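Each value in this text was obtained by applying a stated rule to the coordinates, not by laboratory testing. On a predicted model such as this, the values are computed, not experimentally measured, just so you know. So basically every Cβ, Gly included, is an ideal-geometry build from the backbone, and we count neighbours across all protein chains shown.
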Amino acid sequence: MSETNAIIAIAARDMLKFLRDPGRLVAAVVFPFVMIFLLGGTLQLNLGRSTGFNFIAFTFTGFLGMTLFQSTAQGLTSLMDDRQNDFAQELFVSPVSRYSIVFGKILGEASVAIMQVLPMILFAVILRVPLTPAHIALLVPVAILSCFMGGAFGLLLLNTMSDSRASNQIFNFVFLPQYFLAGLISPINILPWYLEALSLISPMRYVIDLTRGVVFNGSPEYSRVVLASPTTNVAVLALMFMVFMVIGTALFVRRETNR
Amino acid sequence: MTDQAPLVDTTRADASAHVIEVRDLVKRYRKGTVNAVDGVSFDVEAGQFFALLGPNGAGKSTTISILTTTLAPTSGTVSICGRDVVDDASAVRGQVGIIFQNPSLDMNLTGEENVRFHAILYHLYPYRPLYRMMPSAYRHQLKELADVLGLGPELFKPVKRLSGGMRRKLEIIRGLMHHPRVLFLDEPTSGLDTASRRSLWQYIRDLRRRHDITICLTTHQLNEAEEADQVCILDHGRVVAKGTPRDVKAQLVHERLILDAVDRDGLRRRLRELNVPFRDDGALVIELNGRTAHEIVRSIEEPLTVLRTESPSLEEAYLRILAAGDE
């Protein structure tokens, strides 16, 4: 019970930090407006009709999955910031288990990511993306899984960084290619074999594809938009999550004490 | 160097009731070329006030990090309250409190939120999102500690708006919340004004008296270590002296007699005749080295203009020990 309290306290701290950061709050509203309305809207106007795609729904699902995944992953790097601000000392000398620290951190950053996508869903409804209450209900577990995947991926990345400046560089290096390999904005139904291989090892691919699998379910373009069945995507994500978590946590705990 | 015994060791071997036991502790950082801590051993009894002294880079903070489980030792063993810091780290963490050398507060939270976060991490109270929802025991405890350190409404301001001294007080309040059996104080009073420093030490004295808490202090303020039951001086990662402050001082620095006369040359001649070594330092300074001041003064007939004895401070003993280690 006391570990649960500690996990909630660690998670609540991240949510509080987000709610007190006006810059991040504004970004959470402006970002989806730019991405869905401006980018999705212009793609729809120029390419939508000729390709038979709903590009607004396509970019919305892409950015929804990406935001949940990447925001949680990047949030995990605040463990790096904490270490630099020496706040990690407070966490690491407390009797809370290392696993609870990591879990609390992932839970907190996942909650922040979910709060960040709420304006995005609102924009999507306003822009008449066909979202039924059933879709939204199904998106809840998908969002949770996407965030946990991002958390595990962030934890693994955290172990390769020496400071938060390195973390920015790694993030540009690791996330930017995934935007294209996971089909964030443009479809990836046809890829050369080497890009297909890279795409298959990109966790973001499965997150985005799962989101699309839910939102495009029952629509005529489903088979042209969605790459794999939601069951396959969930299975791959669950497997990746477990592998990343075990390796990431072990490396993290070892690295914290074995300097 | 590794076989060198401490210059002074006045501790008595007593295996019972050691709340801290450090044996042959060695730490070499991954990219280090020398050992930051190089074969350190010491014991601290329950309820003692123990001070770890040494210049920058002596290995104090590394030792404290190992003792508080945030750093793994390269070799050697450390136990706190009978629990090994490596094998039973979680149990050790529940027994110790730490006031860090570097600020470790979350700047995005208020002072009270930082303390509440700590109290929940230490399993003292359940999580509640607001101060007013916290149990009254928490609110009382916080108020009592805040009163001692002179923090009032500032407690509810964001930490980033507090002064350095107030942040320090806040860290101290936080470190005492869970009534630790061993309290590690890593340079705890740096940044505090004299009044706050005094009230902090008064509170720590009370705490020791009431709860039999063991204090492990590292400090550059050597006057703070004068009250210690035991001091341990580190230099280049090794113990160069340990024992009570009085013993360490007595072993290394002796009382001195300071004399001067109108006829200083006459006084010099007299001291030479008496075979008493002295040095000219404004007045004539005589290290007593076991002699009594009376013994020397009664043999001097020259009228004196200055006559006084000086007892060394721990600081002088400390500087001499370090100087001896460098020779």
Query - Greater than 28 Å apart at Cα, pairs in A:105/B:157; B:169/B:242; B:31/B:60; A:17/B:143 - result: B:169/B:242
Report task. Check cross-link reach from residue B:249 to the aspartates and glutamates: straight Cα distance under 14 Å, and skip same-chain residues fewer than eight apart. Result -> B:9, B:226, B:227, B:229, B:287, B:310, B:315, B:316
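Order of A:240, A:204, A:66 from fewest to most other C-beta atoms within 10 Å? Could the numbers behind the result be given before it?
Details: A:240 18, A:204 27, A:66 24.
By the 10 Å Cβ count, ascending, the order reads A:240, A:66, A:204.
So for chain B, considering every pair of alpha-carbon atoms, how many percent are separated by more than 33 Å?
39
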Requested in this report: Give me a single rounded figure for A:4-12: the average over its residues of other chain Cβ atoms within 10 Å of their Cβ.
Outcome: 5
**Report entry** Cα-based Rg and Dmax for segment B:258-327, where Dmax is the largest Cα-Cα distance (Å)
**Finding:** 13.8, 41
Report summary line: With x for Gly and Pro, the residue-by-residue ³J(HN,Hα) of segment B:102-109, computed from phi through the Karplus equation 6.51 cos²θ - 1.76 cosθ + 1.60 at θ = phi - 60° and given in whole Hz, is 9, x, 10, 9, 8, 5, 7, 9
Query raised in the report: Remind me, what semi-axes does segment A:120-222 give for its equivalent ellipsoid, largest first in whole Å, using sqrt of 5 times each Cα gyration tensor eigenvalue?
Result: 28, 18, 12
Query raised in the report: Can you tell me the Rg and the Dmax, both Å, for the Cα atoms in the protein assembly as shown?
Result: 32.2, 118
Report task. Give the residue from B:176, B:135, B:123 lying farthest towards the positive end of the charge dipole for segment B:91-209; charges sit on Cβ (+1 for Lys and Arg, -1 for Asp and Glu) and the dipole is referred to the Cα centre. Result -> B:135
Query raised in the report: Once amide H atoms are placed 1.01 Å from N in the peptide plane, what residues at a sequence separation of 5 or more from residue B:107, or on another chain, have their amide H within under 5 Å of its amide H?
Result: none
Query raised in the report: Residue-wise, which Karplus ³J(HN,Hα) couplings in Hz belong to segment A:4-9, taking 6.51 cos²θ - 1.76 cosθ + 1.60, θ = phi - 60°, and x for glycine or proline?
Result: 4, 4, 5, 4, 5, 4
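If you take every DSSP beta bridge whose two residues both sit in the protein assembly as shown, what share of them, in percent to the nearest 5, is antiparallel? Don't jump to the answer; show the numbers that get you there.
Values: 33 of 52 bridges.
Of all bridge pairs located within the protein assembly as shown, approximately 65 percent are antiparallel.
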Query - Sequence-distant residues sharing a close amide H with residue B:45 (under 5 Å, placed H) - result: B:19
Report task. Over the alpha-carbon set of segment A:5-138, work out the extent along each principal axis and list the three values in angstrom, largest first. Result -> 60, 30, 23
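Once a ≥ b ≥ c are taken as the square roots of the eigenvalues of the Cα gyration tensor of segment A:2-257, is the result rounded (a/c under 1.5), prolate (a/b larger than b/c) or oblate (a/b not larger than b/c)?
Cα axes put segment A:2-257 in the prolate bin.
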Query - Which of A:71, A:223 has the fewest Cβ neighbours within 10 Å, and the rest in rising order - result: A:223, A:71
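Taking neighbour Cβ counts within 10 Å as the exposure measure, how do A:128, B:238, B:30 sort from fewest upward? Mind dumping the intermediate values first?
On the way: A:128 10, B:238 21, B:30 7.
Going from least to most buried by this count: B:30, A:128, B:238.
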**Report entry** In order through segment A:33-46: 3J(HN,Hα) via Karplus (6.51 cos²θ - 1.76 cosθ + 1.60), integer Hz, x for Gly, Pro
**Finding:** 4, 5, 6, 8, 6, 7, 6, x, x, 5, 5, 5, 5, 8
